Amino acid sequence: MIAQVLIEALELHAYHGWHRHESEFGQAFLLDLELTTDISRAAASDELGDALDYDRIVKTLRRLFVDTRYKLVEAAAAALAQGMLDEFPTVTCVDLRVRKLKPPIAERLSAVGIHLRLSRSAP
């Protein structure tokens, strides 16, 4: 039973950015995540130990995204997606959106960012 585990609109303050003020003061980012995994065991047992724990996912996202600084959102997103595959062996695919909510752009817009899909390599 293949499903997507969802984490939507997780707002994190991080220090990614090309401009000096971005790495100095940081800014808000919005993350949306879909983790593809087999939920058969969790659905049958109704036990958290058989499922992906949402709290652990969020704590992992926070650690991976905030603890290392990147100049580009592309680099941050790629490292985050790979980190999720590394941390959660039952996940077969990571679908991730990372949006910078207040980019240093003169025009009015709600966000800029990247949408990335990374699948586990077959052995």
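The values are calculated or read from the model by the stated rules, or taken from the named source; none is laboratory data. Source: prediction; values computed, not measured. Please note: Cβ atoms are built from the backbone with ideal geometry, for glycine as well, and neighbour counts cover all protein chains shown.
Here Phe29 meets each of (1) part of a strand (DSSP E or B); (2) in contact with an Asp or Glu (Cβ under 6 Å, 6 or more places away or on another chain) with one exception, condition (2).
Scanning segment 5-22 for residues that are crowded, with 16+ Cβ neighbours inside 10 Å and either assigned to a helix (DSSP H, G or I) or in contact with an Asp or Glu (Cβ under 6 Å, 6 or more places away or on another chain) (or both) returns a single hit, Glu22.
I need the full set of residues from segment 54-72 which are without any contact (Cβ under 8 Å) to a residue 12 or more places away in the chain and either crowded, with 17+ Cβ neighbours inside 10 Å or assigned to a helix (DSSP H, G or I) (or both), in order please.
Step one: list which residues in segment 54-72 are without any contact (Cβ under 8 Å) to a residue 12 or more places away in the chain, which gives 55-56, 59, 63, 67-68.
Scanning segment 54-72 gives Asp55, Arg56, Lys59, Arg63.
Filtered by the rule that a residue be of a type in the set (Ser, Thr, Tyr) and in a strand (DSSP E or B), segment 97-123 gives a lone residue, Ser119.
Listed by first and then second residue, the pairs with beta-carbon distance under 6 Å, at least 6 apart or on different chains, first residue in segment 16-36 and on the phi < 0 side of the Ramachandran plot, second part of a helix (DSSP H, G or I) and buried (at least 16 other Cβ atoms within 10 Å of the Cβ), are His16/Ala76.
For Ala76, state whether it is out of contact with any Pro (no Cβ under 6 Å at 6 or more places or on another chain) and either at pLDDT below 95 or in a loop (DSSP other than H, G, I, E, B) (or both).
Values: out of contact with any Pro (no Cβ under 6 Å at 6 or more places or on another chain): yes; either at pLDDT below 95 or in a loop (DSSP other than H, G, I, E, B) (or both): no.
Here the answer is no, as Ala76 does not meet what is asked.
Once segment 64-123 is narrowed to residues that are in contact with a strand residue (DSSP E or B) (Cβ under 8 Å, 6 or more places away or on another chain) and of a type in the set (Asp, Glu), the residue that is nearest to His21 (Cα to Cα) is Glu74.
Does segment 61-69 contain at least one residue that is out of contact with any Lys or Arg (no Cβ under 9 Å at 6 or more places or on another chain) and closer than 16 Å to Arg120 by Cβ? Show your work before the answer.
Initially, segment 61-69 is screened for residues out of contact with any Lys or Arg (no Cβ under 9 Å at 6 or more places or on another chain), giving 61-69.
Now drop any that are not closer than 16 Å to Arg120 by Cβ, which leaves none.
No, because not a single residue in segment 61-69 is out of contact with any Lys or Arg (no Cβ under 9 Å at 6 or more places or on another chain) and closer than 16 Å to Arg120 by Cβ.
Considering segment 29-53, and only residues there that are buried (at least 16 other Cβ atoms within 10 Å of the Cβ) and among the charged types (D, E, K, R), the residue that is nearest to Glu87 (Cα to Cα) turns out to be Glu34. For segment 12-27, the criterion of being in contact with a Phe, Trp or Tyr (Cβ under 8 Å, 6 or more places away or on another chain), over 22 Å from Tyr70 (Cβ atoms) and polar (S, T, N, Q) is met by no residue.
Apart from one condition, Phe65 fits all of (1) on the phi > 0 side of the Ramachandran plot; (2) touching a Phe, Trp or Tyr at 6+ places or on another chain (Cβ under 8 Å); the exception is (1).
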